[in-house]
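Visitor: To start, I am sharing the structure in question, which I have written as structure tokens.
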Amino acid sequence: MKNYDAIIIGTGQAGPSLAARFSAAGLKVAIIERDKFGGTCVNTGCIPTKTLVASAYAAHVARRGAEYGFDVNGDVRVDMKRVKARKDKISGRSSKGVEEWLRGLKNCTVIQGHARFQSPHAVVVNDEVLQADKIFINVGGRASVPDMPGIHDVPFLNNSSMMNVDFLPEHLVIVGGSYIGLEFGQRYRRFGSEVTIVEMGPRLIGREDEDLSAAVREIMEAEGIHIHLNAKCISLEKREKGIAVGIDCDDGPPEAIGSHVLLAVGRTPNTSDLGLDRAGVATDDRGYITVDDQLQTNVPGIWALGDCNGRGAFTHTSYNDYEIVADNLFNADHRRVSDRIQAYALYIDPPLGRCGMTDAEIRKSGRAALIAKYPMVRVSRAFEKGETQGFMKICVDAETKQILGAAILGTGGDEVIHVLLDVMYAKAPYTVIQRAMHIHPTVSEYLPTVLSKLEPFA
Ligand SMILES: Cc1cc2nc3c(=O)[nH]c(=O)nc-3n(C[C@H](O)[C@H](O)[C@H](O)COP(=O)(O)OP(=O)(O)OC[C@H]3O[C@@H](n4cnc5c(N)ncnc54)[C@H](O)[C@@H]3O)c2cc1C
């Protein structure tokens, strides 16, 4: 039995920073990882997929060479082995960086293996029992495998196995028209695959407002991606050539036959094999660990951070969880999850940057609000770059003048959104943005123009 001040399970986006904080405080910490260091973001999520986005974007621009005044000799062909090698190098460097960082921390013991609770304050890993008064769970999640007909009879890909793909699928059928499915769809289309996206709901990115779903669909279809919505009874079946994905839509063909199928239908928390019952830690019916506003579980001395607590599904929410827990423990700064403002990006091209409430949420809240929309086609930086798809949308509270929510679907949208996000955190009125002098030519310089168009919700 080994005793520590703290045990951290998982090296995702919260665990390593927390280990460093304990280490810096001169406390003894053990951190346990059963797979690659850095977790999902580093190995199978954000970092590798954004390297793929970069390769796909480069190929896309090369194909548009004539518009920009240059010729490419012959067809633009993507060499998937080299694309993968670039991805592996960048992602591998990050994973190694996390491992080296952890191994170099004073007072920190790094253990490789699968951790399970033995009791509320004891964890077993590699037949060794570790004990601590404080235990932090940062175990993340994995791609869900839906219980659909034929699922056990055909090979399929998910975001993790896609990381090993070093060839071009002839026809990639993607089940799931949300963030992960759309990002994979556009980049494989740009690599040269035929791509079909099959979505159960009536529109893509169903949690967003309808105007965004429609604009994203337009962007995808403009690149030749086939979209099937309302696919109520999705099934998989092996065919002589490829795999048939049953669609059973109200209209359109009854199936899409692809050479490969990628399932992108949500995530499942890695909590079923953690021995949570032995610690008495409560989960909800989907397996997410129940936490309070400061990320403590129902068991004193046990916290859950990152995707496994169901309070966020992003790298920045997991890192923010770390900040909340660390500031509460070490700085007596009573930060809470409910203080944070929803923010994320969808990394299709052009990207969608989002913060705060959707129009639908604002309407539901019943408050008096104003809304402004502005097409990217009227933004000079966008037409200088030849990237004019999308629009900007900002909603504000009619009384307080504070920003309630925004969406920037357009070139630079993932960066521009931060101007609005920071003003939201400052709880300042939107008029602050109108009085700021912005840099020309940028997309951000149009924010005052967009705000000048505010009018009551229709
Ligand atoms: C394809 C894809 C693209 C994404 N792109 C983005 C993006 O662009 N931006 C963004 O913000 N987010 C993105 N995300 C989401 C982001 O990757 C996750 O939200 C983030 O990685 C969550 O981190 P985490 O700290 O919860 O845990 P994770 O990063 O999932 O890490 C958990 C770690 O715990 C380990 N572990 C699990 N169980 C045990 C155990 N019992 N014992 C020991 N170790 C264990 C795992 O091996 C893993 O290393 C993407 C996700 C995917 C799948």
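Visitor: Looking at residue 113 and the list (1) away from the ligand (no atom under 11 Å from the Cβ); (2) under 18 Å from residue 275 (Cβ atoms), which single condition is not satisfied?
Guide: (1)
Visitor: What's the total number of residues in the range 105-122 that are assigned to a loop (DSSP other than H, G, I, E, B) and under 18 Å from residue 139 (Cα atoms)? Lay out the reasoning, then the answer.
Guide: Taking the range 105-122 as the starting set, the residues that turn out to be assigned to a loop (DSSP other than H, G, I, E, B) are 105-107, 113-115, 120-121.
Filter once more, keeping what is under 18 Å from residue 139 (Cα atoms): 113-115, 120-121.
Of the residues in the range 105-122, 5 are assigned to a loop (DSSP other than H, G, I, E, B) and under 18 Å from residue 139 (Cα atoms).
Visitor: Just to check your reading of the model, which residue among 421, 409, 454, 447 is in contact (Cβ under 8 Å) with a residue 24 or more places away in the chain and within 23 Å of residue 338 (Cβ to Cβ)?
Guide: Values: 409 fails: within 23 Å of residue 338 (Cβ to Cβ); 454 fails: within 23 Å of residue 338 (Cβ to Cβ); 447 fails: within 23 Å of residue 338 (Cβ to Cβ).
Within the list 421, 409, 454, 447, the selection yields 421.
Visitor: Take the range 38-64 and flag every residue that is open to solvent by 10 Å² or more (accessible area, probe 1.4 Å) and on the phi > 0 side of the Ramachandran plot.
Guide: If the condition is that a residue be open to solvent by 10 Å² or more (accessible area, probe 1.4 Å) and on the phi > 0 side of the Ramachandran plot, then 39 is the only one that fits.
Visitor: Additional query: Scan the range 189-233 for residues that are under 15 Å from residue 171 (Cα atoms) and without any contact (Cβ under 8 Å) to a residue 24 or more places away in the chain and jot them down.
Guide: none
Visitor: Further, regarding this structure: Here is a check on your reading of the model: is residue 75 surrounded by fewer than 23 Cβ atoms within 10 Å (Cβ to Cβ), part of a loop (DSSP other than H, G, I, E, B) and within 16 Å of the ligand (Cβ to nearest atom)?
Guide: no
Visitor: Please enumerate the residues belonging to the range 315-362 that are within 10 Å of the ligand (Cβ to nearest atom), out of contact with any strand residue (DSSP E or B) (no Cβ under 8 Å at 6 or more places or on another chain) and touching a residue at least 24 places away in the same chain (Cβ under 8 Å).
Guide: Across the range 315-362, the qualifying residues are 315, 318, 319, 321, 322, 347.
Visitor: Turning to a different aspect of this structure: Quick test of your reading of the structure: residue 67 fulfils all but one of (1) within 15 Å of the ligand (Cβ to nearest atom); (2) among the charged types (D, E, K, R); (3) in a helix (DSSP H, G or I). Name the failing condition by number.
Guide: So residue 67 meets the others, but not (1).
Visitor: (1) touching a strand residue (DSSP E or B) at 6+ places or on another chain (Cβ under 7 Å); (2) modelled with pLDDT of 95 or more: which one isn't true of residue 187, the others all being true?
Guide: Only one criterion is unmet by residue 187, namely (1).
Visitor: While we're on this one: So which pairs qualify, if the first residue must be in the range 363-387 and farther than 14 Å from residue 448 by Cα, the second must be in a strand (DSSP E or B) and among the β-branched types (Val, Ile, Thr), the Cβ gap must be under 6 Å, and the two must be at least 6 apart or on different chains?
Guide: 370/396
Visitor: Continuing with the same structure: Of everything in the range 267-306, what is away from the ligand (no atom under 13 Å from the Cβ), hydroxyl-bearing (Ser, Thr, Tyr) and surrounded by fewer than 22 Cβ atoms within 10 Å (Cβ to Cβ)? Give them in sequence order.
Guide: Selection gives 283, 290.
Visitor: For a quick check of your reading: which strands (runs of 3 or more DSSP E) sit entirely within the range 277-391 and have at least 3 residues that are within 26 Å of residue 442 (Cβ to Cβ) and out of contact with any Asp or Glu (no Cβ under 9 Å at 6 or more places or on another chain)? Spell out how you get there, then give the answer.
Guide: Numbers: elements: 302-304, 343-346, 352-356, 369-375.
Where strands (runs of 3 or more DSSP E) fall fully within the range 277-391, none carries at least 3 residues being within 26 Å of residue 442 (Cβ to Cβ) and out of contact with any Asp or Glu (no Cβ under 9 Å at 6 or more places or on another chain).
Visitor: Do you know which residues across the range 112-128 are more than 30 Å from residue 83 (Cβ to Cβ) and open to solvent by 30 Å² or more (accessible area, probe 1.4 Å)? Even if it seems obvious, please write down each step before you answer.
Guide: Narrowing the range 112-128 to residues more than 30 Å from residue 83 (Cβ to Cβ): 113-128.
Residues satisfying the conditions are 114, 116, 118, 119, 120, 121, 124, 126, 127, 128.
Visitor: Right, something else. Give just the number: which of (1) within 16 Å of the ligand (Cβ to nearest atom); (2) open to solvent by less than 80 Å² (accessible area, probe 1.4 Å) does residue 35 not satisfy?
Guide: That leaves (2) as the condition not met.
Visitor: Restricting to the range 9-32, give me the number of residues that are crowded, with 24+ Cβ neighbours inside 10 Å, more than 7 Å from the ligand (Cβ to nearest atom) and over 13 Å from residue 326 (Cα atoms).
Guide: Within the range 9-32, residues that are crowded, with 24+ Cβ neighbours inside 10 Å, more than 7 Å from the ligand (Cβ to nearest atom) and over 13 Å from residue 326 (Cα atoms) number 3.
Visitor: Additional query: Residue check: is residue 236 closer than 30 Å to residue 319 by Cβ, hydrophobic (A, V, I, L, M, F, W, C) and either touching a residue at least 40 places away in the same chain (Cβ under 8 Å) or part of a loop (DSSP other than H, G, I, E, B) (or both)?
Guide: Working: closer than 30 Å to residue 319 by Cβ: no; hydrophobic (A, V, I, L, M, F, W, C): yes; either touching a residue at least 40 places away in the same chain (Cβ under 8 Å) or part of a loop (DSSP other than H, G, I, E, B) (or both): yes.
Answer is no for this residue.
Visitor: Something else: Go through 124, 198 for me and flag whichever is under 28 Å from residue 17 (Cβ atoms) and in contact with a Leu (Cβ under 9 Å, 6 or more places away or on another chain). Please lay out each step first, then the result.
Guide: Details: 198 fails: under 28 Å from residue 17 (Cβ atoms).
One residue alone meets the criteria, 124.
Visitor: Can you tell me which condition residue 309 does not meet? The list is (1) open to solvent by 20 Å² or more (accessible area, probe 1.4 Å); (2) within 13 Å of the ligand (Cβ to nearest atom), and all the others hold.
Guide: Exception for residue 309: condition (1).
Visitor: Which of the residues that make up the range 409-430 are touching a Ser or Thr at 6+ places or on another chain (Cβ under 9 Å) and open to solvent by less than 50 Å² (accessible area, probe 1.4 Å)?
Guide: If the condition is that a residue be touching a Ser or Thr at 6+ places or on another chain (Cβ under 9 Å) and open to solvent by less than 50 Å² (accessible area, probe 1.4 Å), then 410, 411, 412, 416, 419, 429 are the ones that fit.
Visitor: Which of the residues spanning the range 439-458 are modelled with pLDDT of 95 or more and open to solvent by less than 60 Å² (accessible area, probe 1.4 Å)? Break it down into steps so the answer makes sense when it comes.
Guide: Filtering the range 439-458 for residues modelled with pLDDT of 95 or more gives 439-456.
Correct list: 441, 442, 443, 444, 445, 446, 447, 448, 449, 450, 451, 454.
The values are calculated or read from the model by the stated rules, or taken from the named source; none is laboratory data. These figures come from a predicted structure and were not determined experimentally. Don't worry about glycine lacking a Cβ; one is built from the backbone with ideal geometry, like all the others, and counts go over all protein chains shown. What goes into the accessible areas is simple: the full protein's heavy atoms, side chains included, and nothing from ligands, DNA or RNA. Shrake-Rupley method; radii C 1.70, N 1.55, O 1.52, S 1.80 Å.
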